[in-house]
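For reference, the structure discussed in these notes is given below.
The values are calculated or read from the model by the stated rules, or taken from the named source; none is laboratory data. Predicted model, so just to flag it, every value in this text is computed and none were measured. Glycine also receives a Cβ, built like all others from the backbone with ideal geometry; neighbour counts cover every protein chain displayed.
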């Protein structure tokens, strides 16, 4: 057997290539989205790094960016299911192996739903100067990308990330959550970048691999990926997140007597200066707002108000329609009582644009012991409590979009539920829904109380 030995002076490592080392850790290599040149993943052979022999791959990628609503980059990956971790070392390549990358060129490790350019994904990346590590994701197919705070290098002696990692763990043995990881070397070990991200929208079978792309469509970026390691028993790095626990003591003493559904009431504030969650609470608790509204019966009552029992909380006034609307078989309802031109059977947006609303939805939810994912799709913000425990809240002023809450129930039982929604100006909508795994293994979103769809039962509170 003839063994070819090549010295890569620019990398300062000895690379051995041989037919005996031809196997790749990747199953597939693809250009994702439009790329003006053909990207590639080339097995360079093995090199001795930190006292061990590791495989190295030259990854060449073109494309506009890995961001926005669609991506353009080169991807080398495997298809995997369940809990998984991928980690690798990276180094930019210049000179004889390719162009110096643009400032926003990225290398890193990614978990992705599919090869589609707008696919849901989660990406641990570093850019040209390698002083920061960033976790980015797209939480909906074709949706916008977002990122968490970057992790700056604080390790003395480290000039770039030693290793990047991305992993999917299963909370409670089932709920998929993603972590972005970095090891700056010098004995520092793994650190979490940002916070744990709950991503049930990712399918069980995902694409897990290394991704390289350039910021500019016509540019090329190249990086060496070394010691690429796949693990199928991913575990949380650092302390486990503390999810809200609904205690057994919060359960009701007996089964509810009310009909299925929620009691929903909405009040429209007359006094709106400084309108915020504190004023929302006063309006819902005391029926009034403003600086002199400190107890029940004080002045400045609600301008308009209404109450009804509905099977679901699927409210819309103006703006985004949320996850559930007439287009997918779920008719929106109006916020009760705030506009005489509207009714539950009419188009909620047929009237005017209602602002400065406080809405409360209450019910009794039947839960088994274990972990759950509940969610709100709302504009502007919502606080959700079960058994008197806050299981989560969305941002106080936000556009229409989903916010998922993971929580744990200690024991089987019936528990009081309360959601309080704040509406300021502009669009107004509120949906309470559940995220659960269907019989086909695919996670789906259903309105809270949709028993026929496999969800939990909700009964209107007395």
In segment 48-74, what residues are crowded, with 21+ Cβ neighbours inside 10 Å and over 20 Å from residue 103 (Cα atoms)?
-> 56, 57
Tally time: how many residues in segment 384-407 are part of a strand (DSSP E or B) and surrounded by 17 or more Cβ atoms within 10 Å (Cβ to Cβ)?
-> 13
Would you mind finding the one in 108, 68, 95, 37 that is within 19 Å of residue 147 (Cβ to Cβ) and at pLDDT below 95?
-> 68
Pairs with Cβ under 7 Å, 6+ apart, first in segment 366-384 and in the same structural domain as residue 201 (by TED's automatic domain parsing), second outside any strand (DSSP E or B) and buried (at least 22 other Cβ atoms within 10 Å of the Cβ) | none
Give the number of residues within segment 302-332 that are modelled with pLDDT under 85 and in contact with a helix residue (DSSP H, G or I) (Cβ under 9 Å, 6 or more places away or on another chain).
-> 1
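Considering each residue of segment 445-454, count those that are over 18 Å from residue 255 (Cβ atoms) and not in a strand (DSSP E or B), and give that number.
Adding up the residues that qualify gives 5.
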On the given criteria, is residue 45 in a strand (DSSP E or B) and either touching a residue at least 60 places away in the same chain (Cβ under 8 Å) or surrounded by 24 or more Cβ atoms within 10 Å (Cβ to Cβ) (or both)?
-> no
Boolean, residue 446 is farther than 23 Å from residue 267 by Cα, in contact with a helix residue (DSSP H, G or I) (Cβ under 8 Å, 6 or more places away or on another chain) and buried (at least 19 other Cβ atoms within 10 Å of the Cβ) | yes
Is it fair to say residue 237 is assigned by TED's automatic domain parsing to the domain that holds residue 83 and touching a residue at least 40 places away in the same chain (Cβ under 8 Å)?
-> no
Would you check which residues across segment 276-301 are at pLDDT 90 or above and assigned to a loop (DSSP other than H, G, I, E, B) and list them?
-> 276
Would you confirm whether any residue within segment 173-190 is farther than 23 Å from residue 207 by Cα and assigned to a strand (DSSP E or B)?
-> no
